[in-house]
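This report refers to the structure that appears directly beneath it.
The values are calculated or read from the model by the stated rules, or taken from the named source; none is laboratory data. Everything numeric here is computed off the predicted structure, so don't read it as measured data. Using ideal geometry, Cβ is built from the backbone for each residue, glycine included, and neighbour counts are taken over all protein chains shown.
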Amino acid sequence: MTTHTTPNSLANLFETYTLNDTITLNNRFLMAPLTRCMADADLVPTDDMVAYYARRAEAGLIITEATIIRPDAQGYPNTPGIFTQAQIAGWRKVTDAVHAKGGKIFVQLWHTGRVAHPHFFGGGDVLAASAQKIEGSVPRMRELTYVTPKPATLEDIQGLVRDYAKAAENAIEAGFDGVEIHGANGYLIDTFLHHDSNRRTDEYGGTPANMSRFALEVVDAVVARIGKDRTGLRISPGAYFNMAADSRDREVFDYFLPELEARDIAFVHIGIFDDSMEFDYLGGRASSYVRAHYGKTLVGVGSYSAETASAAIAANKFDLIAIGRPFIANPDYVARVRDGVELVPYSDEMLASLV
Ligand code: FNR
Ligand code: 8K6
């Protein structure tokens, strides 16, 4: 039998990391949020999902698949929710199973904004910053073409902020260690942060401070409800998914990042698929741009291997690494890296079942 050992060069990934006074992680690996569309018809996590997350409990922190905060947040089939008692009870089984194995788990709080589809919530408005629709249709349900969203009114905005805070409270009731607010990838919060999707002329549009207002209100409301130590945020300063780039977005994030830093939340996490992607208006990679403008815990992600992540952390490019597709292919990803065992390569066909 071959004995495997962790290559010395990867040792930094296995150091503990103190996020804050409340939470210390066993290692530097996050399981990235990964939508799997496997919740039941009531958007309740299933027993298969309990087992799926428990198998990955060795990650320093699991971020769950994006989880909707209320019915009109839904844009994909069978994505779990966290707004009914049955959903909270379903998630309680997941958090208990992960905690029993010594793991930690945050839920990713999601409203898909203009990527929502009325099919999933019995008709009604799709809310976003402005009436700028995206082209295309729902994955796996191509007959559902995206619709023109309704610009959220001031009353809608207040209701949304309340519902993010309520979802965070539900997350604590479900046993989560905290929440990651999904502010990335072109979904609701991100529609306020980019010029492509935000054409407002009121106090939520037009200037960097106004365009940052909704995101900061959500962060503040969640922090007020569950505490800053239990609140993380994912952002995409570089538009790459469900969004067109606009060089003026740079000024928005130049304003937004120091505001976030002052709030001292648990971490900021980049939303991107490949961190080697460069954005002219950010002067390079999204992660390098955020590192230069945000001085607290930063989670990198996007086509990293353990080797490239370890080198990036050693070079102080970010503090923690989130691993997505390799974690789908290898439930025991952390053990394999630690023991120097070869990884199973990811393929899209693996999305058909929860392993
Ligand atoms: C994702 N990603 C993602 N991101 C997010 O913020 N919330 C989500 O629910 C999902 N869902 C999701 C599903 C699937 C099938 C994939 C492949 C990706 C993005 C993910 O968190 C990560 O940023 C990318 O996968 C890049 O990391 P890797 O896979 O290169 O390690
Ligand atoms: C029905 C599946 C729903 C998945 C939802 C969100 C994540 C989608 C991930 C699929 C991969 C898409 C890659 C797009 C990257 C764009 C990079 C320019």
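In contact (Cβ under 8 Å) with a residue 24 or more places away in the chain and at negative phi: is that true of T308 in this structure? Spell out the reasoning first.
On the way: in contact (Cβ under 8 Å) with a residue 24 or more places away in the chain: no; at negative phi: yes.
Against the criterion (in contact (Cβ under 8 Å) with a residue 24 or more places away in the chain and at negative phi), T308 does not qualify.
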Residue tally, condition modelled with pLDDT under 95 and of a type in the set (A, V, I, L, M, F, W, C), over the range 86-141: 1
Number of positions in the range 333-355 that are more than 18 Å from I63 (Cβ to Cβ) and not in a helix (DSSP H, G or I): 9
Search result, residues across the range 328-343 that are crowded, with 16+ Cβ neighbours inside 10 Å, away from ligand 2 (no atom under 14 Å from the Cβ) and either touching a residue at least 40 places away in the same chain (Cβ under 8 Å) or among the aliphatic types (A, V, I, L, M) (or both): P331, D332, Y333, V334, V337, R338
Strands (runs of 3 or more DSSP E) fully within the range 236-325 counting 1 or more residues that are surrounded by 23 or more Cβ atoms within 10 Å (Cβ to Cβ) and of a type in the set (G, A, S): 298-301, 320-323
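Does the range 181-188 include one or more residues that are of a type in the set (S, T, N, Q), surrounded by 14 or more Cβ atoms within 10 Å (Cβ to Cβ) and either outside any strand (DSSP E or B) or without any contact (Cβ under 8 Å) to a residue 24 or more places away in the chain (or both)? Break it down into steps so the answer makes sense when it comes.
So in the range 181-188, the residues of a type in the set (S, T, N, Q) come out as 185.
Next, from what is left, pick out any that are surrounded by 14 or more Cβ atoms within 10 Å (Cβ to Cβ): 185.
Now restrict to residues that are either outside any strand (DSSP E or B) or without any contact (Cβ under 8 Å) to a residue 24 or more places away in the chain (or both): 185.
Yes, because at least one residue in the range 181-188 is of a type in the set (S, T, N, Q), surrounded by 14 or more Cβ atoms within 10 Å (Cβ to Cβ) and either outside any strand (DSSP E or B) or without any contact (Cβ under 8 Å) to a residue 24 or more places away in the chain (or both).
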Residue within the range 194-214 that is within 16 Å of ligand 1 (Cβ to nearest atom) and either part of a helix (DSSP H, G or I) or at pLDDT below 95 (or both) present: no
Leading residue by the ranking (nearest to ligand 1 (Cβ to nearest atom)) among those in the range 134-157 that are surrounded by fewer than 17 Cβ atoms within 10 Å (Cβ to Cβ) and within 22 Å of the chain's Cα centre (by Cα): P139
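Rundown of residues vs (1) more than 13 Å from ligand 1 (Cβ to nearest atom); (2) surrounded by fewer than 21 Cβ atoms within 10 Å (Cβ to Cβ); (3) at positive phi, yes/no style:
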residue	(1), (2), (3)
L13	yes, no, no
T24	yes, yes, no
F29	no, no, no
L34	no, yes, no
M38	no, yes, no
A41	yes, yes, no
R55	yes, yes, no
G60	yes, no, no
E65	no, no, no
Evaluation of K93 against (1) assigned to a loop (DSSP other than H, G, I, E, B); (2) crowded, with 18+ Cβ neighbours inside 10 Å; (3) away from ligand 1 (no atom under 16 Å from the Cβ) (one fails), failing number: (1)
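Yes or no, residue by residue, for (1) within 16 Å of ligand 2 (Cβ to nearest atom); (2) surrounded by fewer than 16 Cβ atoms within 10 Å (Cβ to Cβ); (3) of a type in the set (A, V, I, L, M):
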{"site": "G123", "(1), (2), (3)": "no, yes, no"}
{"site": "L160", "(1), (2), (3)": "no, no, yes"}
{"site": "N170", "(1), (2), (3)": "no, no, no"}
{"site": "A174", "(1), (2), (3)": "no, no, yes"}
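Hydrophobic (A, V, I, L, M, F, W, C), touching a Lys or Arg at 6+ places or on another chain (Cβ under 6 Å) and crowded, with 16+ Cβ neighbours inside 10 Å: is that true of A215 in this structure?
On the way: hydrophobic (A, V, I, L, M, F, W, C): yes; touching a Lys or Arg at 6+ places or on another chain (Cβ under 6 Å): no; crowded, with 16+ Cβ neighbours inside 10 Å: yes.
It is false that A215 is hydrophobic (A, V, I, L, M, F, W, C), touching a Lys or Arg at 6+ places or on another chain (Cβ under 6 Å) and crowded, with 16+ Cβ neighbours inside 10 Å.
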Single match in S276, S347, S310, S305 (criterion: at pLDDT 95 or above and touching a Leu at 6+ places or on another chain (Cβ under 6 Å)): S310
Flag if P80 is within 16 Å of ligand 2 (Cβ to nearest atom), surrounded by fewer than 22 Cβ atoms within 10 Å (Cβ to Cβ), touching a residue at least 12 places away in the same chain (Cβ under 8 Å) and under 23 Å from M49 (Cβ atoms): no
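Please specify each residue of the range 1-56 satisfying the condition of being part of a helix (DSSP H, G or I) and over 29 Å from F120 (Cα atoms).
Taking the range 1-56 as the starting set, the residues that turn out to be part of a helix (DSSP H, G or I) are 8-14, 47-54.
The answer is N8, S9, L10, A11, N12, L13, F14.
Which one of these is closer than 20 Å to H194 by Cβ and either within 16 Å of ligand 1 (Cβ to nearest atom) or within 18 Å of the chain's Cα centre (by Cα) (or both): F253, F267?
Details: F267 fails: closer than 20 Å to H194 by Cβ.
Within the list F253, F267, the selection yields F253.
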